[in-house]
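Below is one structure, written out as structure tokens; comments come after it.
Each reported figure results from applying straightforward, stated rules to the coordinates on display, with no laboratory input. What you see is a predicted model, and the numbers here were worked out from it, not measured in a lab. Cβ: placed from backbone, ideal geometry, glycine included. Neighbour counts: every protein chain shown.
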Amino acid sequence: MEVNHDVIAHLAELSNFAVTDQESAHLTSDLKGIISYISQLDELDTNGVEPTYQVFEMENVWRKDEILPQDADREQLLGLAKEVQDHQIKVPKVL
Amino acid sequence: MKTASKEVKAVKLVQDALDKAHRYQEDYHIFNFFNDVAALKKAAEIDNKIAKGEKVGRLAGVPYAVKDNFLSPEGETTASALILEGFTSPITATAIKKLEDEGAIMIGRTNMDAFAHGSSTENSYYGPTKNSKDLARVAGGSSGGSAVAVALDIVEFATGTDTGGSIRQPASFNGIYGLKPTYGAISRYGVVAMASSTDCVGFFTQNAEDLDLLMSITAGRDSKDLTTLPDFYGQDKETFNDPIKKIGVIKDFDNEAVDPQIREALRRKVAALQEKGHEIIELDMPALKYALAAYYIIVPAEVASNLSRHDGIRYGYRSEHAQTLNELYENTRNEGFMAENKRRIMIGNFVLSSGFYDAYYLKAAKARTMIIDEYNKAFKQCDFILTPVSPNPAFRLGEKVNDPVAMYLEDLMSVSLNLAGVPGLAIPAGETASGLSLGLQLVGPRRSDAALVKFAAALEHEPSHLQDDHFDGGKA
């Protein structure tokens, strides 16, 4: 696949970055190199092999349906935000 | 480990460590934060308890350093990234809590590659950490600050995280021990996530026995991290009690891409093991050749997902150049992440995007199965595997930082362990002619951590005359 300015712009959008033209040029060359490297997996015959996403078998873990004490309270967590008003996090306008 | 007692005051231990830490900071740039006031206060409390004859923990008054991606209220947890600037955690990572409960005293937070993306600690927003043996060279990474803090004897142990070699490689670049435990051995609760299916909490120490103590304190099931394994540390099967081991060496890792001094260190260690009666078994593990490519697909995919939470809204850095919500996300992320963070997030979104998922992500997940199968097969033939940690000793600052693929190749021999979930222990293996540290890694099957540590300790205490400390050009 050809990695060009449009591909970078698309990936930047998926990644929520505002990429400048200069950065885009660097990223194009970097990502080309990386994708070329990882593409060597093509050589490996994986026919009939099941994928692994997690190394240990996951099992369902049950616990009692009760509220456990939390490590941080609401005010502490709100205190981490840059702008808070009426116990809510303030953000710029959406549109 | 030197703990506090009636004779040795915790305040003295902590003050000495802090003095050293401050003294080395200008040259080596090891710490992002010094915990002076709180550390001395805790030390005084421990001295008080000891004076009154009260019970203290197994790490009473032992100063230690914390990689800056473990959450705790002491200072800001930045993961060496601008985007976490100003973030002081209200919660404490389980691993830190367990250490502190035993009386260990955090003297500071150590530098790292931002979000642990890197193999040199040069990708830190706060600048690189220097190698303990040569100021012109990298510390290794991503846990470079922690490795150098232990190597320079500022502290006797430090925490690290290892997603693809981030403990083992800096340990070997600085001549110390570094353990990446079995996946799920130690809780990841309160650790800044990089790649959830490969991230491991582990330690740097100056000897193997200290790892045993630290593992027995920190390993175990945690209800706050449901990927932690049921308690297993120290409960080894009897087969591991035999002092004579079968040690596997991987044929493919002995090639021209590996520095001759590292190959020589491996040969010396193999000869020393044989001399002591251990059996050496040559292993053919062809799928490992693809581990790095699989790793740099799987890990970026998980990185892209984990780092999507950093949006400038709830905590950390927020861009001041934004009129709308979307601009706020985009500018915050663009200004707050380092170039390598962006590359990994974008590669992750690439391999996960429709049209490329099957060719990259699914393919890598299948390669991962093959790598696991190869390890399973290998451990039917041998107890442990001995390999180099990295293809070369510490490289020069700036040498690879602008060439992402060259930097990724650093991880060639370390990432397969993370994909397979098996433990790896970096052990010192002498020095190069110019005095740089050399390291090797012992790899064991899942849950063999205690046996691995015990074996490394046995090797440490019975040094062989064949284990020459200095590289002599391969004439040995």
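Cα-Cα over 22 Å: which of B:366/B:400; B:366/B:454; B:133/B:454; B:246/B:454? Beyond 22 Å: B:366/B:400; B:366/B:454; B:133/B:454.
Rg(Cα) of the stretch B:271-314 divided by 2.2 N^0.38 Å? Don't skip to the answer; put the middle values down first.
Values: Rg = 20.6 Å, N = 44, 2.2 N^0.38 = 9.3 Å.
Here the Cα radius of gyration is 2.22 times the empirical estimate.
Could you give the size of the charge dipole of the protein assembly as shown about its Cα centre, using +1 on the Cβ of each K and R and -1 on the Cβ of each D and E, expressed in debye and rounded to the nearest 20? Write out the running numbers ahead of the final one.
Details: 59 positive and 82 negative charges, 196 e Å.
My answer is approximately 940 debye.
Going by how many other beta carbons lie within 10 Å of each one, how would you line up B:191, A:94, B:56, B:8, fewest first?
Details: B:191 25, A:94 7, B:56 18, B:8 15.
Ranking B:191, A:94, B:56, B:8 by Cβ neighbours within 10 Å, fewest first, gives A:94, B:8, B:56, B:191.
From the largest down, chain A spans 52, 43, 21 angstrom on the principal axes of its Cα atoms.
Listed cross-link partners A:32/B:289; B:41/B:180; B:12/B:224 are compared with a 28 Å cut-off, the Cα-Cα value being larger for B:41/B:180; B:12/B:224.
Could you give the angle, 0 to 90 degrees to the nearest 10, between helix A:5-14's Cα long axis and the longest principal axis of the Cα atoms of chain A? Computed tilt is about 20 degrees. Straight Cα distances below 19 angstrom link residue B:6 to the aspartates and glutamates B:16, B:45, B:47, B:54, B:102, with same-chain residues fewer than 8 positions distant left out. DSSP assigns beta bridges within the protein assembly as shown; of those with both partners inside it, close to 65 percent run antiparallel. Look at the alpha carbon pairs under 8 Å that are at least 6 residues apart: their mean separation over the length of chain A gives a relative contact order of 16 percent.
Mean silhouette area of the stretch B:107-241, derived from the convex hull of its C-alpha atoms and averaged over all directions, reads 8.4 nm².
Given the alpha-carbon gyration tensor of the stretch B:321-469, what are the semi-axes of its equivalent ellipsoid in whole angstrom, ordered largest first, with each equal to the square root of 5 times an eigenvalue?
Values: eigenvalues 283, 108, 37 Å².
Each semi-axis is √(5λ); the values are 38, 23, 14 Å.
Counting every other Cβ atom within 10 Å of each residue's Cβ, B:92, B:332 order from fewest to most as B:92, B:332.
Taking neighbour counts of Cβ atoms within 10 Å as a proxy for exposure, in what order, fewest first, do A:2, B:156, B:320, B:340 appear? Don't skip to the end; give the middle numbers.
Values: A:2 7, B:156 23, B:320 10, B:340 19.
Listed from fewest to most nearby Cβ atoms, that is A:2, B:320, B:340, B:156.
An ellipsoid equivalent to the protein assembly as shown, defined through the eigenvalues of its Cα gyration tensor, has semi-axes of 34, 31, 23 Å when rounded to whole angstrom and sorted largest first.
Output the relative contact order of chain B, whole-number percent, from Cα pairs under 8 angstrom with separation of 6+ residues.
Once normalised by length, the contact order is 17 percent.
Looking at chain B, the pairs of alpha carbons with a distance over 43 Å make up 11% of the total. Beta-bridge orientation, chain B: approximately 65 percent antiparallel, per DSSP, counting only bridges with both partners inside.
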